There are 4 protein chains.
Amino acid sequence: MKAVTFHGPHDLRYEEVPDPTLPDERSAIVRVTLAAICGSDLHTYHGDMPPSRAGMPIGHEAIGEVLEVGARVTRVKPGDRVMISGCVGCGTCPRCYEGDFVLCERFQFRVPGLHGLGGAQAELIAVPCADYALGLIPDGISDDQALMLTDACPTGYMGAKRAEIRPGDAVAVIGQGPIGRSALEAAFLFGPSTVFALDRVPERLAGAEAMGAVPVNVDEVDPVSFIRQRLGGLGPQRVIEAVGPDATVALALRLCRAGGTVSMIGASVSREFPLNLGFFQWKHLTFRASLTSVPLYWETLIPLVREGRLRPERMITHRFPLSEGPEAFRLFDERREGVMKVVLEP
Amino acid sequence: MKAVTFHGPHDLRYEEVPDPTLPDERSAIVRVTLAAICGSDLHTYHGDMPPSRAGMPIGHEAIGEVLEVGARVTRVKPGDRVMISGCVGCGTCPRCYEGDFVLCERFQFRVPGLHGLGGAQAELIAVPCADYALGLIPDGISDDQALMLTDACPTGYMGAKRAEIRPGDAVAVIGQGPIGRSALEAAFLFGPSTVFALDRVPERLAGAEAMGAVPVNVDEVDPVSFIRQRLGGLGPQRVIEAVGPDATVALALRLCRAGGTVSMIGASVSREFPLNLGFFQWKHLTFRASLTSVPLYWETLIPLVREGRLRPERMITHRFPLSEGPEAFRLFDERREGVMKVVLEP
Amino acid sequence: MKAVTFHGPHDLRYEEVPDPTLPDERSAIVRVTLAAICGSDLHTYHGDMPPSRAGMPIGHEAIGEVLEVGARVTRVKPGDRVMISGCVGCGTCPRCYEGDFVLCERFQFRVPGLHGLGGAQAELIAVPCADYALGLIPDGISDDQALMLTDACPTGYMGAKRAEIRPGDAVAVIGQGPIGRSALEAAFLFGPSTVFALDRVPERLAGAEAMGAVPVNVDEVDPVSFIRQRLGGLGPQRVIEAVGPDATVALALRLCRAGGTVSMIGASVSREFPLNLGFFQWKHLTFRASLTSVPLYWETLIPLVREGRLRPERMITHRFPLSEGPEAFRLFDERREGVMKVVLEP
Amino acid sequence: MKAVTFHGPHDLRYEEVPDPTLPDERSAIVRVTLAAICGSDLHTYHGDMPPSRAGMPIGHEAIGEVLEVGARVTRVKPGDRVMISGCVGCGTCPRCYEGDFVLCERFQFRVPGLHGLGGAQAELIAVPCADYALGLIPDGISDDQALMLTDACPTGYMGAKRAEIRPGDAVAVIGQGPIGRSALEAAFLFGPSTVFALDRVPERLAGAEAMGAVPVNVDEVDPVSFIRQRLGGLGPQRVIEAVGPDATVALALRLCRAGGTVSMIGASVSREFPLNLGFFQWKHLTFRASLTSVPLYWETLIPLVREGRLRPERMITHRFPLSEGPEAFRLFDERREGVMKVVLEP
C-alpha cells in the first residue's frame, strides 16, 4: 500500500510499504478513507518524537471502512464505517473495557504512528483492540465530522470537562490551534459567562471571537491584567492550557483565580517545570494535565455534533490527496494560508 | 401607600393601604421601583391560594431601593438598589445563612403577598431577613433583568440544574409559560444536544424554536411518540415539568428515558398523585419537585445575564402602571395579546 | 440435571430437568457451585411473580464454574470461577457494554428464573451476554462472599449510593432483611454521622445495632417522632426504603428531611401509589426507585469485601443441599430460626 | 493579659501584654479557655514564618467564651462558647459570607498570630469578621473536641475530601503528624478499601494501624514498591501529602496511580518545585494543594465528632498551663514523649 512515512526530521515520504496484517485476534484492518494532521504530528515531523523506526507510516487521526477483523472482535465487522481512536490500549483490562486507554492497567497506552504501531496516514491500518478502539459512524455524522471525532474534538472536550466549568464561570483558553479551538467550542457546553481566547495569530483570534469568545492577543496586551480588569480584579475560575511549553503553563497557573482549576491539554515533554508550590498552595488550585482516551467521549459528542451544537468540521481549512502528505506537513508547519486543520485523502 | 390588593377571587383593587413598618431588627423597607406578575399569582387571583387576609397587597417579584434597615442588617443600607427574593425564611438558621430559604430549619419558608407578608405589587414592602433576601443589583444589570432575577429566572435555572443535564443529553421542557421558558433557556447552559419544548400555544412554541428548541405542539402530535422517533426509540434523559397538573407530571414520567431524571417546577397542590411505582422502579427514575431558594442562584446567574448568555428580560411583553394592576391580571389570566410576562410600574 | 422448579404457589420441587444448551454465541453454560435465596424469590414462591412457565428452574443468585462459552465470548473461558449477575440485558447496546443492564436500550433487562430464562437454583445455568453478566472471582474472595456479590450486596450498595449520602448526614434504612442489611452496611461507606435501622424483628434490629446503627423498632415507637427528636427536630437527610409496600414508601417520604433524598430498593408492584405531590414539592425532595445492574458495582465492591470493609457473608444464616430447596423456602418464608440469608449447595 | 509571645527563633516568652481591643464593628473579643499548638507553629518557632512584629502573641488554634462583640456582629453574643477559626478573611465578600476565607476576594486570608493579628495562645484574642470566624460549640461537643475543630480536624477532612476518594479506592497518607492523622481518620469517611499510612516514627505508625490503616515505615521499605505489590502492581488512586517538603510531594506524585489525585495539605514554602510535567501529563493526574477555610467544614464535622465517628480529641497527648507554653514548644519541637498534640490552658 501507499503511505506517508518518516525518514528523519523534515523528511517525510509518500511511498509504497507492505500492507499491514492482523497482529492478533482482537485487531482489525481498516481501509483509511480520510486522515488528518494533528498538531502533535509536528513533534514527529521535527524529529522530537520520532516513530519507533524509520519508514513507518505516521499519523493517528483517521476514519475508514473495516476490511477484516480477528476472531475475537465482536462489536465491528467488515464493511462498517468507523472512526479510529487516536490512541489504543491493551484491550483486556478493566480500563480498556471502558475505552479509557490512557489509564490502561497494563501500561499499553499507545498512539498509531508512534510506539511501534503503523500510522493512519496510509491506505490501510491495523488497529489493535478493535472492539474498543473503533467506533461505528452513525447516520447523520459526515466523514469530516467523524474525522474530527478521532482526536481533536474529544481532546478539546476532555480538557474543558476536566476544567470543572460551572454555569456562570469565567474561562480562559490559552492557545487557539486545533486543540485550543476544540476546547473553546467545548467550553461553551458548560454554561460559562465569559470565555477568553488567548493567542497571537490574528485570524485565529478572529475565529475565536466569531464563536463568542473575548479575543486576547498576548502580543498586544498583558493577558493577566487585561482579564482581571474585565472580571473586576479576579482571574477566571477555569483555565485550559492548549499549547504545552512551560511558559504557557506558568501563565495558566498565574492567571487562574484562587480556588480554580487549570486543565492542561497542550502536550508537554518538560521534565522540570519550576512550580511555585507555596503560591500554588496559597491559591488553593487544582491542576490537571491529560492525554485523551478518545472512545470515552464518543457517546457524549456524537449527538452534539449531529445536532450542530459542536461543529468541529469547521476547523478543516485544507485538503490534499494523501500523495501530497509531505507538502501538506510543510504548509501546516509554516502556518501558511491561515491553516488550521489539514485533511489527507487516500 | 398605594398597592394592588386582594379582596376575593377575581376581585383585585388598586387602593390606599397603610405603609409597612419595620417588623424587626433584621428587616428592611424597600421602595418598589418595578414589580412583575408571576404565573403562580393566578392561583391567588382565582382564589385557590389566597393571602392570609383580605386587603393585603399581593405579588412577590420586585426590585427597588432600600429606604430603611433594622439595626442588625449588615449587608445592605438605605439607598442600595436591590433585588427582592421572591421568598424568605427565618434568616437565622444555617440554611437561611446560605439563602436556602426553601430548607429553612425553622420551617419559615414564606412568600410575600401570601403567608402573612405584605406583597410586592405595592409602593413599599417590608422584607424580613434582609441580609439574605435582598441582593445588590450590580453594574451592568438593567432593571428589567434584575426583576427577572427575583423569581422566574432562578426558578428556571434551578429546575434545569436539578434535572442533572449532562453534555449531549436530550431534554424535554413541558410548558412554555414564563417558568418553562426560563427553564428552557437555562437548559442550554448544560450542553444538551437537543431540547424539546412542549406546549399548545403556537406563539410560545415559536418563541422556543427561536431559542434553538424543537417545538412539540401537544395538540397536534403525541409527544411521546414524536420525541422517541426523533431519538431513535428512546425518551429524553432529562425532563423538566413546568406546568403543575397531575396530567403533565404523568406525561413527564412516561416520557423520560429509563435511568433519567424528571425535575418538576410547575406548582402542584395535588394531594394524591397516582404514581405508578412499579413502573417508576423498573425505569430506575429520579424524580424531584422543587420550590426555589432565589438568592442561592444570584451569583451564578448575574454574570450570565450581564454577558447576555441568558436574556430573561426578553420575556417581558407588557408594561402597566401599578394603578392598572387589576386590568393587567385580567389580560394575563386570559392570555391575551401573546402575553408572557407583565411588569407593573409604581 | 437437577433443579428447584416452580409448579405453582408454595409448590416448588427438586427434580430432573433437561440440561440447558448454549442459546447463542454470546452465552455461556455455568456449573453452579453455590446458590442463594433472595427476598424477591418469595414473590415467585407466593405466585405473585411466577416464571414464564411451570417447571422452570428458579432463582437468580449463584456462583459457579464456566463449562462452555459461545464463539463470541471473549472475557471468560471454560474453567473460570465466576459470579453470575442476578440480571442480564441484551449484551449488545451501549448500556450493556457497561454492564448497566437495567438501562438496556433494547429493553431486555431480564432476571434468571423469570422472564423466560432458566434459574440459578440448579446444577447448570445458561447465561446470556456472558461477557458482561459473568465476573471472574478474584483471589482473596471466598465463595460465600462471591455469592453475596451476585445481587444482595450490589443492591444494597446501589441503594446507598443513590441516596446521595454526604459525610455527616443522618440516614435511615427502612427494613432490615438481606437487602436492608446490605444497604445499612453500605451506607457506612459514605461517612454518615448516624444511621437509623427500622424494623420490627428484634434480632434483625440487634444485628443492625451491632453494626453501629441506632435500632428503631417500629412496633414500639413512632419512628418519625423518635428520629426527629434524636436529630434536634429534623428528619434524616437520606432515607433508604428496603421493603417495598406503599406504606413504607410513604413513611420514607414523610421521614425524610426537606431537601433530602429517598432511595427505594424494596421491590414494588404498586400501580397507584398515592403521592402527596404538593407536600413532596414543598419539601424539595428527590425520590429514586431502582433495580440493580449488578456488574456495575463489582469493581467497587470487590476490594471492599476482600479487605473486610464490607462483610456481606455474615448475612448467611442457613445452608441446605440443593435437594432441600423446597424446605429451605418454607423456612425462609416463615422467618424461622432467625433466618437471614439461605445458601443452597448443588 | 498574659500570652505566649515571639521574640526570635527559639525565643518564646510567657509575659504580660496589652489587652486586645475591638478593632472594628464586625469583630469580637474572646476569652481563651483552651489553645493548642499546631505543627505549622513550628515554622514560627524556628523563625521561618515569624509574626509581623516581635512580642506578638502567637498561635491560631483555640476555643473560648465571647466577652464583647462589635455593633455589626449578629450571630454570636457575649457569653457564647465558641470555636475560633484558625484563619479569617475580610468578612464582607461573597466567599467570606460562606466562611471560605482561603478564597477571600479581597485577599485578606490571615492567620491569628501571624499577618498582623494577635495570636490565640493568650488569655484574650480579638477575632475579626466574627460572624463567620466564630462557631457556636453545640451540646454534645467537649472542649477538647471543639479545640480540634479549630484547625487540625477540618484540615485533615478538607485534604481527604479534595483527594476525591470513592468507595473501594486505595489511599495513601504521607505523614502521620497531627494533620496526617486527621486526614487518615477523615479518609475512612469516604469508604476506601485500603489506607496506607506512611511515616518513620514507629509509635505514629502504630497509632495509624490501630485506626485500621496499613503502616508503611519509609525507613524500612521502599513505599512505592511495597504499596504497588499490595495493590497488584498499581499505585493507590488517591494520595494525601501531609508533610510539605519537596521530597514528599515528589513521592506523592510518583506513588499515585495514573488517573488519580494527589491532595496536598502539608505546608509548603517551596518556590521552585521541579515538576516532571511530561510524566504528570502521561499519568493524567490531578494535583491539589490547599489551605483550609475552617468554618466551611463545621456543619459536616460536628455531627461526626458528636456521634464518635471522628475522635480527633484522641490526638491530644500533653497538657500544660499557658504559662509553660515555651517549654511545651520545646517538647513538641523535639518530638519527645510520643507527643502528638499539645494543649495549653490559660
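Brief remarks follow.
- Rg to Rh, two decimals, where segment A:281-346 supplies the alpha carbon set and Rh follows Kirkwood: 1.15
- Beyond 28 Å in Cα-Cα separation lie the following of the pairs A:Lys161/D:Lys161; A:Lys161/C:Lys283; C:Lys77/C:Lys161: A:Lys161/C:Lys283; C:Lys77/C:Lys161.
- Amide H contacts under 5 Å for B:Phe196: B:Val171, B:Ala172, B:Val173, B:Val214, restricted to partners 5 or more places along the chain or on a different chain, H placed in the peptide plane at 1.01 Å from N.
- For segment D:164-169, 3J(HN,Hα) per residue [Karplus equation, 6.51 cos²θ - 1.76 cosθ + 1.60, θ = phi - 60°, Hz, x = Gly/Pro]: 6, 5, 10, x, x, 5
- Bridge type composition, the protein assembly as shown - antiparallel percent by DSSP, nearest 5: 55
- Computed Rg/Rh of segment D:150-201, alpha carbon atoms with Kirkwood Rh: 0.95
- Pairwise centroid distance, computed over Cα atoms, of segment A:58-114 with segment B:194-265, Å: 38
- When the Cα convex hull of chain B is projected onto planes of every orientation, the mean area is 16.6 nm².
- Sorted shortest first, the distances from the A:Val224 label point to those of the same residue in the other copies are 3.3, 5.9, 5.9 nm; each point sits 7 Å from Cα along Cα-to-Cβ.
- Over chain D, Cα pairs under 8 Å with separation of 6+ residues give a relative contact order of 18 percent.
- Local electrostatic count, C:Val218, Cβ distance below 9 Å [Lys/Arg +1, Asp/Glu -1]: -3
- Summary for B:Pro138: label point 7 Å along Cα→Cβ; distances to the equivalent points in the other copies, ascending, 3.3, 3.8, 4.7 nm.
- Hits among aspartates and glutamates - C-alpha to C-alpha of D:Lys2 under 18 Å, sequence gap 8 or more where chains match: D:Asp11, D:Glu15, D:Glu16, D:Asp19, D:Glu61, D:Glu65, D:Glu123, D:Glu324, D:Glu327, D:Glu345
- Of B:Ile137, B:Ser290, B:Gly260, farthest towards positive along the dipole that unit charges on Lys, Arg, Asp, Glu beta carbons give chain B: B:Gly260
- A cut-off of 5 Å between modelled amide H atoms, ignoring neighbours fewer than 5 places along the same chain, links A:Gln108 with A:Cys90.
- DSSP-assigned coil residues among GluC sites (Glu not before Pro) in segment A:1-87, each with at most 12 further Cβ atoms within 10 Å: A:Glu25
- Relative contact order for segment D:201-282: 23 percent, from Cα pairs under 8 Å spaced at least 6 residues apart, divided by residue count.
- Axis-proximal residue of chain D for the rotation onto chain B, reported as residue and distance in whole Å: D:Thr74, 3, based on Cβ position.
- Test item: A:266-274 mean partner chain Cβ contacts at 10 Å: 6
- When the alpha carbon gyration tensor of segment C:1-60 is reduced to an equivalent ellipsoid, the three semi-axes, largest first, read 21, 13, 12 Å.
- Taking Cα centre as origin and charging only the Cβ of basic (Lys, Arg, +1) and acidic (Asp, Glu, -1) residues, the dipole magnitude of the protein assembly as shown rounds to 0 debye.
- Antiparallel %, DSSP beta bridges [both residues in chain D], to 5: 55
- With label points set 7 Å from Cα along Cα→Cβ, the inter-copy distances at D:Met211 are 2.5, 4.6, 5.0 nm, sorted shortest first.
- Mean separation of Cα contacts under 8 Å (6+ apart) over length of segment C:215-346, as relative contact order %: 16
Bear in mind these aren't lab numbers, they're just calculated from the coordinates by the rules spelled out. All values derive from a computational prediction rather than experimental measurement. For neighbour counting, all protein chains shown are included, and Cβ atoms are generated from backbone atoms with ideal geometry for every residue, glycine included.
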